[in-house]
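Every number in this text was worked out from the coordinates using simple rules, so none of it is lab data. Quick caveat, the model's predicted, so the values are computed rather than measured. Note: ideal-geometry Cβ built from the backbone for every residue, glycine included; neighbour counts use all protein chains shown.
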Amino acid sequence: MISRDIDRAAEHLRQGRTVVIPTETVYGLGADATNARAVEKIFAIKGRPKNHPLIVHIGDSSGLAAWAEEIPPAARRLAGRFWPGPLTLVLPRRRSVLPEVTGGQNTVALRVPDHPVTLRLLQAFGGGIAAPSANRFGQLSPTSARHVQDEFGESAGMILEGGPCSFGVESTIVGFREDKPVLLRPGAISSGTIEAFLGVRLLRNGAGQNEMRVPGSTLSHYAPKTPLEVLSTDDIPYRLLYLTARGQKAGLLSLSRDRKGPASEKETVFSMPMEAIDYGRVLYSILRSFDRAGLERILVESPPRTTEWEAVNDRLARAALHPLIPECPAPPAREIPR
Ligand code: TXA
Ligand code: MG
């Protein structure tokens, strides 16, 4: 990346324009976090509801106090250990933080991204960059500049090329309730890693009167265009038969190494990495390629339920809440040819 591009991107931000920024998780659609009109452009480009708050990306943790009114001791420790990195902290906001950025909430989400291009941009710009993932609302996050280009063309503004994202799953979001850390969104850093570092269990954001609002954690989200189902290893052959026998083209994200190749030309099988971190890195880009292949259904072999897989399982569960999936009952056993 040449300095000229960084300087030009910083100038775009100062002029109130949007810039697509690479991060280690996914690409973001950034704007000057102190410029309400610039921030409004993000919502317009994404088609995102106005009450969905944005993450403010900052250059280093010394910038925390400019945005957060209070910094619980655990938040300081987490910032010290995991920044720059894929951890977002939700903290009580300073009064000066724009309501456009916080979705009208009294907290602000902050993170220092671990990507050399965006760290240089933050330094050149000198302020905070508000940025959600650079995709249309509800769709898959982009893990390469190409994904953003394909989805938005020129309309997202200047795109800073930063190569493929090294995590490919969004940041872990932690908030605080009476100074106790609460997991608001599982993400690139597993909750087990955070708990081992802090020496305490993370609270979960269950239904309760003090529940923190995390738009993007309830709706169908992170979804491919093709309806997707997550199934157990045993159910997969039956479902594939059921779909392909009806002439439907199905794609499978397989975790079983002993699975035989596609049984019919209606089937596309992708052998997924066996480690959660590697699986997460490629997941969105494979789902995008399945969308482009014009499949009618994506089947996903259910990954393990351990904490390393928490973020992948969370995104798959949301992707599976696809509004277009018609009721498709499991076939009765007698329909299955031997
Ligand atoms: O890895 C990431 O986090 C990427 C990169 C670009 O940094 N960003 C990202 O942004 O995933 P977005 O907007 O797609 O998701 C941010 C999530 C949303 O679910 C939003 O509701 C939540 O963060 N959030 C932001 N501010 C919040 C706040 N004050 N309180 C609770 N949740 C908040
Ligand atoms: Mg997003």
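Structure summary
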item	result
Derived scalar couplings ³J(HN,Hα) [segment 142-147; Karplus, 6.51 cos²θ - 1.76 cosθ + 1.60; whole Hz; x for Gly, Pro]	x, 10, 8, 4, 4, 4
Among Ala188, Ala38, Ala263, residue whose mean-square fluctuation peaks in a GNM of the chain (springs only between Cα atoms under 10 Å)	Ala263
Using θ = phi - 60° and Karplus 6.51 cos²θ - 1.76 cosθ + 1.60, couplings along segment 19-29 (whole Hz; Gly, Pro as x)	9, 7, 10, x, 9, 6, 9, 9, 6, x, 9
Above-threshold pairs, the threshold being 31 Å between Cα atoms, out of Lys41/Lys180; Lys180/Lys225; Lys50/Lys225; Lys50/Lys266	Lys41/Lys180; Lys180/Lys225; Lys50/Lys266
Quotient of Cα Rg and 2.2 N^0.38 Å for segment 1-104, N being how many residues it contains	1.12
Ranked list, fewest to most other Cβ atoms within 10 Å of each Cβ, for Met272, Met158	Met158, Met272
Packing-based exposure ordering (other Cβ within 10 Å, fewest first) of Ile2, Ile159, Ile286	Ile2, Ile286, Ile159
Residue order, fewest to most surrounding Cβ atoms within 10 angstrom, among Leu283, Leu299	Leu299, Leu283
Rounded to 5, the percent of DSSP beta bridges in the chain classed as antiparallel	45
Vicinal HN-Hα couplings computed from phi for segment 111-116 (Karplus, 6.51 cos²θ - 1.76 cosθ + 1.60; Hz; Gly/Pro x)	7, 9, x, 9, 9, x
Relative packing of 137-143, 174-180, which averages over residues the other C-beta atoms within 10 Å, highest first	137-143, 174-180
Label point distance in nm, Met274-Arg246, each placed 7 Å from Cα along Cα→Cβ	3.4
Amide H contacts of Thr88 (H built 1.01 Å from N, under 5 Å, at least 5 apart or other chain)	Thr172, Ile173, Val174
Segment 1-45 and segment 174-195: distance between their alpha carbon centers, rounded to Å	27
Ordering of 221-228, 22-29 by burial proxy (mean other Cβ atoms within 10 Å per residue, highest first)	22-29, 221-228
Amide H contacts of Thr23 (H built 1.01 Å from N, under 5 Å, at least 5 apart or other chain)	Gly28
Per-q log10 I(q)/I(0), the chain, q = 0.09, 0.11, 0.13 Å⁻¹ (Debye; single scatterer per alpha-carbon; no solvent)	-0.50, -0.72, -0.97
Nonlocal amide H pairs with Ala223, under 5 Å, H built at 1.01 Å	Gln139, Leu140
